[in-house]
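Asker: Before anything else, here's the structure in question.
The values are calculated or read from the model by the stated rules, or taken from the named source; none is laboratory data. Source: prediction; values computed, not measured. Glycine gets a Cβ as well: all are built from the backbone with ideal geometry, and neighbour counts include every protein chain shown. What goes into the accessible areas is simple: the full protein's heavy atoms, side chains included, and nothing from ligands, DNA or RNA. Shrake-Rupley method; radii C 1.70, N 1.55, O 1.52, S 1.80 Å.
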Amino acid sequence: MLDNLHILAAQPVFHIQLLLNGLSVGAVFALSAYGLALVWGVTSVKNLAQGDLVMLGGYLAYELSKHGVHPVAAMVPVAAIMFGFGWILYKLVIRRVIQLDLFTSLLATFGLAITLQQLLNLIFGPEVRTVRSGLGRLEMFGGMVDITQIRLVALGLCVLLAVGMVLFMRRSRIGQAIRATAQDPRAARVLGVNTDLVYALTFSINAAICGAAGVLIAMIWVIQPFYGIAYSVRAFVIVTAAGLGNLPAVIAAALGLGVIEQYSGFVLGAQFQQATVVGLLLAILIWRQMALMRHRKALQ
């Protein structure tokens, strides 16, 4: 660890490498985290299968690439397939637990996560897989900073998707209905909003976003049936830190988490990256609980 800290101090250019890697991965984290925040804020369901939907999107891109579809172009059909799959999941599972207690919704989505993991394992096997983008590498500062071009493409695509989601939520009638339902479902129903349709669209949009994130992850890293939990934890950390209904905060928290992961992986070792994420989640939960206790004392 001390040697790695010495490298960072002696070679400041390594900070650029870590920042670029962190921002590119953080942008992908932002997609799945925004989908989770959307479902959480509208339906009050804490989706523990979020990361497994991401993995499913990655495997769909892997399968399409075997049939000659470039993975970047595969984002559109994968998102469409995942939208339909999300609609089916809502009708079969999510619809039945929206009005129930927190434990029931957690248990239902946890069971959904296990089911998806086992199905992916049965269909594709437990091996680690990746999707080749065919893009090269970009070298800067005399080769001291090296980043794959697909990371930069992924960063740009994430920005476009984020802008598209903001415009959709603010300017479309469906987006306005989703926002109204998130603020007050009863009032939305009184005003003629079909809240059940809004819930179905919200979960389907989330599944489509997860599918797009999965395609990018399959190109940048690797996919494996049981890797979904890692992305679920990351999404929960980001949403817990940023809060619901705040897309700029979600993006900032995701980018920050990506950078923190890169630094912890470089300084402490890759085996501590997941531990860093879990530690951040625990720290955020403790901090929020302490803030809540202080607020209660102030009211008394």
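Asker: List pairs: first residue in the stretch 155-169 and over 14 Å from Tyr34 (Cα atoms), second residue open to solvent by 40 Å² or more (accessible area, probe 1.4 Å) and in a helix (DSSP H, G or I) anywhere in the structure, Cβ distance under 7 angstrom, at least six positions apart or on different chains.
Answerer: Leu155/Leu23
Asker: Also: How many residues does the stretch 248-269 hold that are under 30 Å from Thr181 (Cα atoms) and surrounded by fewer than 18 Cβ atoms within 10 Å (Cβ to Cβ)?
Answerer: The total comes to 3.
Asker: Oh, and also: Cβ contacts < 9 Å: first residue over 15 Å from Ala49 (Cβ atoms), restricted to the stretch 114-128; second residue assigned to a helix (DSSP H, G or I) and open to solvent by less than 80 Å² (accessible area, probe 1.4 Å), any location; separation 6+ or different chain. Result?
Answerer: Listed by first residue and then by second, the contacts come to Ile123/Tyr59; Phe124/Tyr59; Phe124/Tyr62; Phe124/Glu63.
Asker: State the number of residues belonging to the stretch 169-226 that are under 17 Å from Trp40 (Cβ atoms) and either among the basic types (Lys, Arg) or not in a helix (DSSP H, G or I) (or both).
Answerer: Looking only at that region, the number is 2.
Asker: Could you tell me whether the stretch 129-139 includes any residue that is modelled with pLDDT of 85 or more, open to solvent by 50 Å² or more (accessible area, probe 1.4 Å) and either part of a helix (DSSP H, G or I) or in contact with a strand residue (DSSP E or B) (Cβ under 8 Å, 6 or more places away or on another chain) (or both)?
Answerer: For the stretch 129-139, residues modelled with pLDDT of 85 or more, open to solvent by 50 Å² or more (accessible area, probe 1.4 Å) and either part of a helix (DSSP H, G or I) or in contact with a strand residue (DSSP E or B) (Cβ under 8 Å, 6 or more places away or on another chain) (or both): present.
Asker: Of the residues in the stretch 180-197, how many are free of Cβ contacts under 8 Å to residues at least 60 places away in the same chain and either over 22 Å from Asn246 (Cα atoms) or surrounded by fewer than 17 Cβ atoms within 10 Å (Cβ to Cβ) (or both)?
Answerer: 11
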